Structures are given as structure tokens and as C-alpha cells.
């Protein structure tokens, strides 16, 4: 098979992951990898081995020929059919590509992490756990995960890997499980490049109604039910809308509170299904606040995309982003105090127009000045350069 970049010898990196574009229902982990590849694909030779199905789907992506390597915008991708989604096929593909480095975008994936680790021993490996070792994430199926991690640690299953942490906090989470000698490299996630103009954003603010939005997977980890109950609890003199977007990953969880997704006086709560990432800027354009009372985020792409498009946030304290009110970026609330989330939503709904526009400007500038940083790309570049 010919290289995507025949004219120069670049380090060959094979990324194994359960879902990749055009898939989007798995949320941030897809965007994390897409943003890395888009930023660095001229400097490294990227291959992606992934499934031909989006999260929860039984039909493959349209207009894609499965089980064939093909070049898409300088990245060589293979989408695996169900017939080939087995460890022997994973091993054969890795041996075919013979990469200089394996990058595994999950901790627990049976096919795209555990199979490569168990079958391939001589290729350097980087694993991005994507927040899966955070306390909030480990609460879900806790017993099963803890048993696996104890066995993996005892068997030294991850002994030869380099860990990719997005934050100092995630570095601490990794070392808490795998020991202080675990090799961890911190490289913050590369943010979105899709940003509206400030003039366009400011025109769509202070419309006479207050618009909250939730954009994330609908699962226990994201705590959507807390946002729904907070919106039900506020008192509003002007119309309030709460628009919910996301793939329903946990049907049993959603069934417990979906009857509360309705209108309450001036407050209207509505679910609109999963949202394609290409529509994020326009969705944030017509929102006043983004709300995510999550149990855990190691980064939160939707959070920074909200700021990129001038939208303040209401978060739990289970993210890397803190002291938001002092920075005029939103609120970070303690979920152990049930009234804090309701109070933040009420304060947002009551905020005077001039004060709100100050927050919009602060969010837009924070993204440009603090998050869109060349040092972030350099840290990711160095991770790939040095590994192996």
C-alpha cells in the first residue's frame, strides 16, 4: 500500500479507536483525535483503524467502503465491518501498517485497546484514557471496572505504555491507579477551530428570552436530569427555553426523567436528538448559556466550544475549569449542595443585559487568549515526536 505522503519520510502513527468521523455520537473522544490529526497531519503520517458504525447504530456509515484502506484528506482510514471486528483482524491490520507508534484512544475498549496491547508487543504504545480514570467515570459500573484495573495492574498489562493526560488532574488520576512511576505526558486537547465572529454573536444576544442548551451524550455521567430539574425549579418573568441535544446512550436512565421534559409556565424544555458537530457554532449562536452538571470531564470539548462562540457555561466542579464566576465565564457549582445548581440557573435567567454581554465578551476573549495557544499544539507534537 502506498503512503499518503510519498515525498518525505514521516513518523507513521496508527490510531485505533471505536468511533471516528463521520461518527459523532460518542462525543468528545472523537473530536479530540480529529483535532490532533487536523493540526499535525502534515508532520506525521496518520492511519486510523476504526468501526464502520456510529455509537449505537446497526447500519454502517453511508458512502464508505468497509475493510479497505483509503486516503481521506491526507489521512489513511479503514472502517471495519462487523465480520472483521475481531482480534485477529486487528492484529493483521497493525502488522500490515507496521507503525512507528500505536495510539489507543480508550482505556477499556476490547477491540481497539485491549486486543492491540495483548497481541502486539514490539511497537511503542500511547494510551489516552479520555477521563475514564476519573472518580465520576469510575462510579459507572464501578465494581467491574475496579476488578479489571486491579487485575491489569497485577499482570502489568499496561507496563510498557506512555499515558497521554489532558490535564494535571488527569495525570494524578492515572498515577493513582497505575502508580507514581507510570510514564505520563500532559498535552492538553487541541480545541476547535470553528468560531463565529463576535459581531455575529452579540447580535443574537438579549433577544427577550433566555436560552439554555445541553449538548452531550445522554448518560448517567452527564447528569442531565439535574439540569432538567433545575430548569423546572426557577421562576422566570420572561420566556425561558432549555434545548437538549445528544445521543441517548442510556435508555433506562433517560426513561426516569423524560416525562419532565415539557413546559412549565414560562419555561419550555425540549429534546431535539443527537447533534452533528458541524452544527455546533450555529447552535451556540442561538443559545445564551450552556449547562453541563457532569460527574466528570477531563477536558470537555463542548465547554470550550461554548466559550469559542461567546456562550457562558454552568458546570459542576467535576471539570478542569474552575473559578468561572470570578472570570465572568459562567458558574462551577458543587453538586453536593443541591441548591447551587438551581441558584446558578436562576441568576443566569435574571442577569441584566449589560452584565450578560460582559460575560459573552469575556468568554470569547478567554478562548482566543487562553485556550487557542500554540503551546497546546506544540505539547501534542512533542508527545508524538518523543514517544517510541
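Coordinate-derived values only; no laboratory data. Note that the coordinates shown come from a computational prediction; the quantities given were computed from them, not determined experimentally. Every residue, glycine as well, gets a Cβ built from its backbone with ideal geometry; the counts of neighbours run over all protein chains shown.
Could you tell me whether region 198-371 comes out rounded, prolate or oblate from its Cα gyration tensor? Rule is a ≥ b ≥ c as square roots of the eigenvalues, rounded for a/c under 1.5, then prolate if a/b exceeds b/c, otherwise oblate. List each step's numbers first, then the result.
Details: a/c = 1.37, a/b = 1.22, b/c = 1.12.
It comes out rounded by the Cα gyration axes.
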(Q) Between region 21-87 and region 149-225, how far is it from one alpha carbon centroid to the other, in angstrom? (A) 20 Å
**Q.** Acute angle (nearest 10 degrees) that the helix 224-233 long axis makes with the longest principal axis of the chain, alpha-carbon atoms
**A.** 0 degrees
Q.
From the alpha carbon gyration tensor of the chain, can you work out the equivalent ellipsoid semi-axes (sqrt of 5 times each eigenvalue) and give them in Å, largest to smallest?
A. 37, 22, 21
Q. Based on the alpha-carbon gyration tensor of region 23-173 and its eigenvalue square roots a ≥ b ≥ c, which shape applies: rounded if a/c is under 1.5, prolate if not and a/b is larger than b/c, or oblate?
A. rounded
Q) Taking region 65-109 on its own, what percent of its Cα-Cα pair distances exceed 15 Å? A) 54 percent
(Q) For the chain, take the longest principal axis of its alpha carbons; what is the angle in degrees between that and the long axis of helix 338-350, to the nearest 10 within 0 to 90? (A) 60 degrees
Q.
On C-alpha positions alone, give me the angle between the axis of helix 168-178 and the longest principal axis of the chain, in degrees, nearest 10.
A. 50 degrees
(Q) Can you classify region 182-241 as rounded, prolate or oblate using the Cα gyration tensor, where a ≥ b ≥ c are the square roots of its eigenvalues, rounded means a/c under 1.5, and otherwise it's prolate if a/b beats b/c and oblate if not? (A) oblate
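Only counting other Cβ atoms within 10 Å, I'd like 291, 248, 127, 147 sorted with the fewest neighbours first. Present the calculation step by step, with values, prior to reporting the outcome.
Values: 291 31, 248 18, 127 21, 147 10.
Listed from fewest to most nearby Cβ atoms, that is 147, 248, 127, 291.
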Q) Among 294, 207, 268, which comes first, then next, by fewest other beta-carbon atoms within 10 Å? A) 207, 268, 294
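Would you order 15, 377, 76 from fewest to most other beta-carbon atoms within 10 Å of each residue's own beta-carbon?
377, 76, 15
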